[in-house]
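Only one structure is covered here, and it is reproduced in the block below.
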2 protein chains.
Amino acid sequence: MEPSIIFAERKTVEQVEEGVDLAPKFDADGLIPAVTTDYQSGELLMHAYMNADAMTRTIETGEAHYFSRSRQAIWHKGATSGLVQKVVELLIDDDQDCVWLRVDVTGGASCHVGYRSCFYRKIKQSTGPIDTASGPLKLEFTETDKVFDPAEVYPGIPNPTKL
Amino acid sequence: MEPSIIFAERKTVEQVEEGVDLAPKFDADGLIPAVTTDYQSGELLMHAYMNADAMTRTIETGEAHYFSRSRQAIWHKGATSGLVQKVVELLIDDDQDCVWLRVDVTGGASCHVGYRSCFYRKIKQSTGPIDTASGPLKLEFTETDKVFDPAEVYPGIPNPTKL
């Protein structure tokens, strides 16, 4: 199907912010950021991107589809790992340049490193000015146990992280 | 201060994903996406961007600072509206190209349109293939009452939404 049919043309700020037509803004690369949280815990699971096709497939199937920038391909989350994300609610923000997926994750993990959430480390809080003499700021792990072993779940598949 | 001192150099995938040094990846425009949720409800409040300076100020002050792409300037959230976001926890994802702010919002609103969250509309779910004959997909409001009146809070300030 032609994605443009289901997306309205962006004509006015009022229409985009206060209207009821879906009129997403895709950036110069044709992408819109997608924020995915666990619908029960509210935990942020991942931050990724969709193109028009991925958004259309997500709406049609009720399962999260993203666009992988590293692979430059549609990415049906869980197709390899089995950790599919069922979309409970799909929301869009005021200026319609970001979507929020509230999902139920089969298997309970969303991170390719093996953790439940991609956000498994927090930045240690500073009190007052940062002590720059001690070098880079430090992270603290908030999840310590992996839900799965990436080497078993993604055999022979290159790590998508880019430096 | 020089932000680069507090950020480690990105040397290996293992260091970035499994290490304890803060080594954020800023994109070609010097920005990193920032996802902001209410630390109590887990509700997604907004999606914005930080540059190195905004991230440094956020860490130093404990209050959310972003980089406004429309104004091309540091943006201390709440400086105009009074709706400051106190950072309860600041997390970073596996490949360190996105940060998650868990915040406490004075005044309870984060959206320039006046709603509590920027994500006040959901996309109506499709069951099966989308009926393209009915035109653009429809949104449904999940918040109906504004927390404040933007005309009063931002007098004479242009709406930041771009078409």
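The values are calculated or read from the model by the stated rules, or taken from the named source; none is laboratory data. Note that this is a predicted model, so its numbers are computed, not measured. When we count neighbours, we look across all protein chains shown, and the Cβ atoms used for this are built from the backbone with ideal geometry, even at glycine.
Please enumerate the residues belonging to the range A:136-156 that are surrounded by 12 or more Cβ atoms within 10 Å (Cβ to Cβ) and in a loop (DSSP other than H, G, I, E, B).
Matches in the range A:136-156: A:P136, A:L137, A:T142, A:E143, A:K146, A:V147, A:F148, A:Y154.
Is it fair to say A:C111 is at the interface with another protein chain (Cβ under 7 Å from one of its Cβ atoms), at pLDDT 90 or above and assigned to a loop (DSSP other than H, G, I, E, B)?
Criteria not met by A:C111.
For the range A:68-108, give me the residue count where each residue is within 12 Å of chain B (Cβ to nearest Cβ) and out of contact with any strand residue (DSSP E or B) (no Cβ under 9 Å at 6 or more places or on another chain). Talk me through it step by step, then tell me what you get.
Taking the range A:68-108 first, the residues within 12 Å of chain B (Cβ to nearest Cβ) are A:69-70, A:86-102.
Those left that are additionally out of contact with any strand residue (DSSP E or B) (no Cβ under 9 Å at 6 or more places or on another chain): A:70, A:95.
Total satisfying the criteria: 2.
For residues that are of a type in the set (G, A, S) and under 17 Å from A:A23 (Cβ atoms), scanning just the range B:127-163, find the one that is nearest to the other protein chains (Cβ to nearest Cβ).
B:G135
Kindly provide the set of residues from the range A:93-108 that are in a loop (DSSP other than H, G, I, E, B) and closer than 18 Å to A:P24 by Cα, ordered by number.
Within the range A:93-108, A:D93, A:D94, A:D95, A:Q96, A:D97, A:C98 qualify.
Residues are listed down the side, and each one gets a yes or a no for (1) within 9 Å of chain A (Cβ to nearest Cβ); (2) modelled with pLDDT under 95; (3) within 30 Å of A:R102 (Cβ to Cβ):
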| residue | (1), (2), (3) |
| --- | --- |
| B:E2 | yes, yes, no |
| B:A52 | no, no, no |
| B:R57 | no, yes, no |
| B:Y66 | no, no, yes |
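If B:G108 passes every condition in (1) within 29 Å of A:F119 (Cα to Cα); (2) in contact with a helix residue (DSSP H, G or I) (Cβ under 9 Å, 6 or more places away or on another chain); (3) not aromatic (F, W, Y) but one, which one does it miss?
(2)
Kindly indicate whether A:L45 is more than 8 Å from chain B (Cβ to nearest Cβ) and touching an Asp or Glu at 6+ places or on another chain (Cβ under 8 Å).
Working: more than 8 Å from chain B (Cβ to nearest Cβ): yes; touching an Asp or Glu at 6+ places or on another chain (Cβ under 8 Å): yes.
Yes: the conditions hold for A:L45.
Among the strands (runs of 3 or more DSSP E) lying completely within the range B:1-77, list those that include at least 1 residues that are in contact (Cβ under 8 Å) with a residue 60 or more places away in the chain and hydrophobic (A, V, I, L, M, F, W, C).
Working: elements: B:32-38, B:44-50, B:65-68, B:73-76.
Filter on the range B:1-77 gives B:32-38, B:44-50.
Within the range A:81-92, is even one residue touching a Lys or Arg at 6+ places or on another chain (Cβ under 9 Å) and in a loop (DSSP other than H, G, I, E, B)?
Looking for residues that are touching a Lys or Arg at 6+ places or on another chain (Cβ under 9 Å) and in a loop (DSSP other than H, G, I, E, B), one finds at least one in the range A:81-92, hence yes.
Among the candidates A:I74, A:I92, A:I123, A:I59, which residue alone is out of contact with any Gly (no Cβ under 8 Å at 6 or more places or on another chain) and either under 29 Å from B:A8 (Cα atoms) or polar (S, T, N, Q) (or both)?
None of the other options fit; the residue is A:I123.
Could you say whether any residue in the range B:123-136 is at pLDDT 90 or above and under 16 Å from A:D93 (Cβ atoms)? Before you say what the answer is, go through the steps one by one.
So in the range B:123-136, the residues at pLDDT 90 or above come out as B:123.
Adding the requirement that they be under 16 Å from A:D93 (Cβ atoms) leaves B:123.
Scanning the range B:123-136, I find at least one residue that is at pLDDT 90 or above and under 16 Å from A:D93 (Cβ atoms), so the answer is yes.
Only residues that are facing another protein chain (nearest Cβ under 7 Å) and under 16 Å from B:V35 (Cβ atoms): list them for the range A:114-126, please.
Scanning the range A:114-126 gives A:C118, A:F119, A:R121, A:K122, A:I123.
Identify, please: which residue in the range A:114-131 is more than 12 Å from A:M46 (Cα to Cα) and surrounded by 14 or more Cβ atoms within 10 Å (Cβ to Cβ) and is, among those, farthest from the chain's Cα centre (by Cα)? Before you say what the answer is, go through the steps one by one.
Taking the range A:114-131 and keeping what is more than 12 Å from A:M46 (Cα to Cα), we get A:114, A:121-131.
Now drop any that are not surrounded by 14 or more Cβ atoms within 10 Å (Cβ to Cβ), which leaves A:114, A:121-123, A:126, A:130.
Details: A:G114: 16, A:R121: 17, A:K122: 18, A:I123: 20, A:S126: 28, A:I130: 31 Å.
Ranking the candidates gives A:I130 first.
Which number in (1) more than 21 Å from A:P160 (Cα to Cα); (2) surrounded by 16 or more Cβ atoms within 10 Å (Cβ to Cβ); (3) not polar (S, T, N, Q) marks the one condition that A:K77 misses?
A:K77 satisfies all of (1) more than 21 Å from A:P160 (Cα to Cα); (2) surrounded by 16 or more Cβ atoms within 10 Å (Cβ to Cβ); (3) not polar (S, T, N, Q) except (1).
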